[in-house]
Amino acid sequence: MSAHQAISLRVAQTLGQRRLLGIGAVLVTIFLALPLLHLLPAEHSLHISAYTLTLVGKILCYAMVALALDLVWGYAGLLSLGHGLFFALGGYAMGMYLMREAAGDGLPAFMHFLAWEELPWYWTGTEHFLWAMALVLLAPGLLALVFGYFAFRSRIKGVYFSIMTQALTFAGMLLFFRNETGFGGNNGFTDFKTLLGFSISAPGTRATLFTLTVLALLGCLYLSWRLTRSKYGRILTAVRDAESRVMFCGYDPQRFKLFIWVVSALICGVAGALYVPQVGIINPSEMSPTNSIEAAVWVALGGRGSLIGPLLGAGLVNGAKSWFTVAFPDYWLFFLGLLFIVVTLFLPRGIFGLLRKERS
Amino acid sequence: MNQPNSQPHLGEVSGVRPALRDRHSLNTPHGTVLTLEDINVSFDGFKALNALTLYIGVGELRCIIGPNGAGKTTLMDVITGKTRPDSGTAFFGETLDLTQMNEVAIAKAGIGRKFQKPTVFEALSVFDNLELALKTDKSVWASLRSRLTGEQRSRIEEVLTTIKLENQRQRPAGLLSHGQKQFLEIGMLLVQEPQLLLLDEPVAGMTDAETEFTAELFKSLAGKHSLMVVEHDMSFVGAIADHVTVLHQGSVLAEGSLDEVQANDRVIEVYLGR
Ligand SMILES: Nc1ncnc2c1ncn2[C@@H]1O[C@H](COP(=O)(O)OP(=O)(O)OP(=O)(O)O)[C@@H](O)[C@H]1O
Ligand SMILES: [Mg+2]
């Protein structure tokens, strides 16, 4: 096991960093070109439809979640089955702003249905874009900080930790389902109109949001790369493999875990905030336990502990999903389960590990 | 063979910040680095340590011997904060109450430990293992910004040479042999520069030459550091220790030079069985 891990650490080197960078550069160029193609007139043969752009943008947001999950699972050994919650919280924070924009001076539509007279206190200031953006980070960040602080202080590990994260997102979903919670209940937020005054469905807005998503993903990838290659990253790996040895070296593992845990939640929050205006809806189903489990499948399939692998995994699984849900809508979950079993049994280091093996 | 007269000078790494140095300057006016009195530990009613009392002097090299299950590892667990004693007092120096401190605080205060089963960071290279153990600021913030100074790097290189792993520095530690892992863990203790070193069966799995070398290394550490070594290998114990403690059923059975304790009737009875 440990020797495998040691080898997987060197995957990037073996695969040829230059080739990897080459492939990456091509992909980034394509992703940056897509929004421009969307701006072309609809008759143009190279025009990209809003549907395609939204689909790819959505998958890029999921890729950010996969990256965030890889940081905690692949590098710190913390399998979170609740990352969907952080994603959704970021999404809801953005959604609050969009609802306020759509409602103008009045209350968001769903509050009228509930016959509410005024905004709940936690909606205060959400009409300001900057405060909403702060909430995108604060909501998932603070929740992760508090949850992580108590979980790591109590030395909750392994399966127990995973179950607690799963319970957390489930509890979040139940809470947000209630109308009284003040987030639109079952239906969540939708019918957005404008973002900073720009029509949410205008090609220019879509293209901008997409470009921002690509840049955010690149930024998070760079941040993760720096983190995992610093001494901090090495200590994290050490905590994953021999926590008590780390303590006897004088490092406090709780703090090291808490830091990456919060960083990971923040990345999810940003991903959620970019997702909502592109997809045009956020509701409690984003917090459903299966969503978070799916994220773990992306990471496992792509290859955890490799940063790049999980991005691949998110792309492939979601690509397959969008095809499946059109072609065989009833079988997607079976396929997902099968995929998980196959990966666990035959691809312990995921596709990225397989690529490395092919070459060596 | 590379002779151990390349004395590892532990206490004296320059470039260590004064604050760290101060934290390590232990209060030991009476020359006792470790005081254990009347320590009791039980697991589900089974007494692993039974009214154990033990003192270790500053600069002393103490060997602890005893049959399997005597409580030697449990004793180290108590000292390092891994196991809380049910009762008894445990002091590091005059002022640090070990029963009130957690593992991290105890390690920071200057107690280092080598585990019975060699425990290194297998996914990391030999060099990185030493880098992590190195005595320095161990906060999250510092580790995010950390870059090795030239002095720290040469300190690591020096220890790599001492433990004879200079040609393995980039190898993942998980791929080392058992004996090499033992040496790596000892090397990690060397760069950590603790005041008190606890070594649980350090020469298990080593060749005779390696054992001999380790004996020289430990002897060179004594004086500047205090060492507590648990070993079953009697020739090794004979080579290093002037003072030996025999543990049996969680209590001290005998104490003295190796010859003395080996001549002790109760010790003979315990070791030869009844
Ligand atoms: N966590 C635990 N739970 C229950 N019993 C334990 C625990 N740790 C140790 N023991 C028991 O306490 C006794 C002392 O164990 P310890 O490991 O300290 O012995 P030791 O002297 O180090 O033996 P060895 O020479 O085999 O390493 C043993 O009988 C052991 O089974
Ligand atoms: Mg033992």
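Rule-based calculations on the coordinates, nothing more; no lab input. It should be emphasised that the depicted structure is a prediction, and the values quoted were computed from it without experimental measurement. Every residue, glycine among them, receives a Cβ derived from its backbone with ideal geometry; neighbour counts consider all protein chains shown.
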Quiz item: Taking the alpha-carbon centroid of each part, what is the distance from segment B:81-136 to segment A:12-70 in angstrom?
Solution: 48 Å
Practice problem: Report the residues of segment A:262-284 in range of a label on A:Ala109: point 7 Å along Cα→C-beta, backbone N strictly under 20 Å from it. | Solution: A:276-284
Quiz item: Among all the aspartates and glutamates, which ones have a C-alpha under 14 Å from B:Lys224's C-alpha, if same-chain residues fewer than 8 places away are not counted?
Solution: B:Glu12, B:Glu60, B:Glu193
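Do any trypsin sites (Lys or Arg not before Pro) in segment A:171-257 lie in a DSSP loop with no more than 16 other beta carbon atoms within 10 Å, and if so, which?
In loop regions of segment A:171-257 (DSSP not H, G, I, E or B), the sparsely surrounded trypsin sites (Lys or Arg not before Pro) are A:Arg178, A:Lys193.
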Exercise. Within the set of other residues whose C-beta is less than 13 Å from the C-beta of A:Thr124, count the net charge using Lys and Arg as +1 and Asp and Glu as -1.
Key: -1
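Mean 1/r over all different Cα pairs, inverted: what Kirkwood radius does chain B give, in Å?
One over the average 1/r among Cα pairs gives 19.3 Å for chain B.
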Self-check item: All lysines inside 18 Å of B:Lys181 as judged from Cα atoms, apart from same-chain residues fewer than 8 positions distant
Solution: B:Lys114, B:Lys117, B:Lys164
Practice problem: Give the long-range amide H neighbours of B:Arg62: residues separated by 5 or more places, or on another chain, with amide H under 5 Å away, using H modelled in the peptide plane at 1.01 Å from N. | Solution: B:Leu227, B:Met228, B:Val229
Self-check item: Cα gyration tensor category, rounded, prolate or oblate, for segment A:266-360 with a/c compared to 1.5
Solution: oblate
Quiz item: Can you list the HN-Hα couplings for segment B:252-264, worked out from phi with the Karplus curve (6.51, -1.76, 1.60; θ = phi - 60°), rounded to whole Hz and with x for Gly and Pro?
Solution: 6, 8, 7, 9, x, 6, 4, 4, 4, 5, 5, 8, 5
Quiz item: Once the dipole of the protein assembly as shown is set up with Lys and Arg at +1 and Asp and Glu at -1 on Cβ about the Cα centre, which of B:Ile163, A:Val297, B:Val246 lies farthest towards its positive end?
Solution: A:Val297
Exercise. Report, ordered by chain and residue number, the lysines lying within cross-link reach of A:Lys58, taken as a straight Cα distance under 20 Å and ignoring same-chain residues fewer than 8 apart.
Key: A:Lys193, A:Lys321
Quiz item: Given DSSP loops and a limit of at most 11 other Cβ atoms within 10 Å, what is the longest stretch of chain A that contains no such GluC sites (Glu not before Pro)?
Solution: A:119-360
Self-check item: Check: segment B:9-272 dipole with +1 on Lys, Arg Cβ and -1 on Asp, Glu Cβ, in debye
Solution: 1100 debye
Exercise. Give the shape of chain A as rounded, prolate or oblate, defined through the alpha-carbon gyration tensor: a ≥ b ≥ c are the square roots of its eigenvalues, a/c under 1.5 means rounded, and otherwise the shape is prolate if a/b is larger than b/c and oblate if not.
Key: oblate
Quiz item: Among A:Ala115, A:Val56, A:Leu71, whose Cα sits farthest toward the positive end of the charge dipole of chain A (+1 at Cβ of Lys/Arg, -1 at Cβ of Asp/Glu, about the Cα centre)?
Solution: A:Leu71
Self-check item: In sequence order, calculated HN-Hα J values of segment A:334-349 (Karplus, 6.51, -1.76, 1.60; Hz; x Gly/Pro)
Solution: 5, 4, 4, x, 4, 4, 4, 5, 4, 4, 4, 7, 10, 10, x, 10
Quiz prompt | Sites A:Phe328 and A:Tyr51, calculated FRET efficiency, Cβ-Cβ separation with R0 25 Å, nearest 0.05 | solution = 0.80
Practice problem: Enumerate the amide H contacts of B:Leu124 below 5 Å, restricted to partners 5 or more residues apart or on another chain; note that Pro and chain-start residues carry no placed amide H. | Solution: B:Ala173, B:Gly174
